Amino acid sequence: MSQFTCQAHLDEYVIDDDDLGTFGMDNSTITYTTDDEESSISVPISEINDVTFDRDTTLHRFRFLGFFFGILTLVLVAFAYLLAFADPDPGPDQNVIVIFTIFLIIGGVATTRNFFRHENHDVIDICIKTDDDLYTVCGRMGNTNFVEACAKLIESDIPTMNRNSRLESVLDREE
């Protein structure tokens, strides 16, 4: 039987999150251990019905969101300019709106910058299904320890199913 331990996320993948746990397998159980005892799991291998692997590409849309917030920020800049300089005698309400819009512009620039700086995150989702529960463990495809753990899980006696051909080629390469 294959044994492994690696870092992973429980339930969902969170970008730049330090709340990782240790995902592991030994001869009798699959475990996910965190500092918080309530979210730690231990599943006996005999109770596992199947394990499915899938590739999660929902975090590939940063460029689109970057363009969206960039255009929105440009609209806010034009709005603030028109509000501040179009009226020769701005009232106190207009000044408050301009100041508030400047804060929105600063936030829009920061958000746009973050979206363009982030990389596309290829994530592997492992769904462990028992009669009573469904557990999801996630990790980055760029994390070689996690990918090796997935390959060892596939090599084990547990019934596994891969739902993505790209993921299959990555996991086959590691064997």
Original post:
Is it true that some residue in the stretch 13-24 is open to solvent by 70 Å² or more (accessible area, probe 1.4 Å) and closer than 21 Å to residue 131 by Cβ?
Top reply: no
**OP:** Please work out which residue is nearest to the chain's Cα centre (by Cα), limiting yourself to the stretch 46-82 and to residues that are in contact (Cβ under 8 Å) with a residue 60 or more places away in the chain and crowded, with 16+ Cβ neighbours inside 10 Å.
**Re:** 56
Original post:
How many of the residues in the stretch 114-142 are surrounded by fewer than 17 Cβ atoms within 10 Å (Cβ to Cβ) and out of contact with any strand residue (DSSP E or B) (no Cβ under 7 Å at 6 or more places or on another chain)?
Top reply: 9
**OP:** Within the stretch 143-174, work out how many residues are surrounded by 15 or more Cβ atoms within 10 Å (Cβ to Cβ) and farther than 20 Å from residue 13 by Cα.
**Re:** 5
**OP:** Select from the stretch 26-45 the residues that are among the polar types (S, T, N, Q), open to solvent by 50 Å² or more (accessible area, probe 1.4 Å) and more than 25 Å from the chain's Cα centre (by Cα) and list them in ascending order.
**Re:** 27, 28
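The values are calculated or read from the model by the stated rules, or taken from the named source; none is laboratory data. Computed from a prediction, not measured in an experiment: that's the story for all the values here. When we count neighbours, we look across all protein chains shown, and the Cβ atoms used for this are built from the backbone with ideal geometry, even at glycine. Protein only, heavy atoms only, side chains kept; ligands, DNA and RNA dropped before computing areas. Shrake-Rupley method; radii C 1.70, N 1.55, O 1.52, S 1.80 Å.
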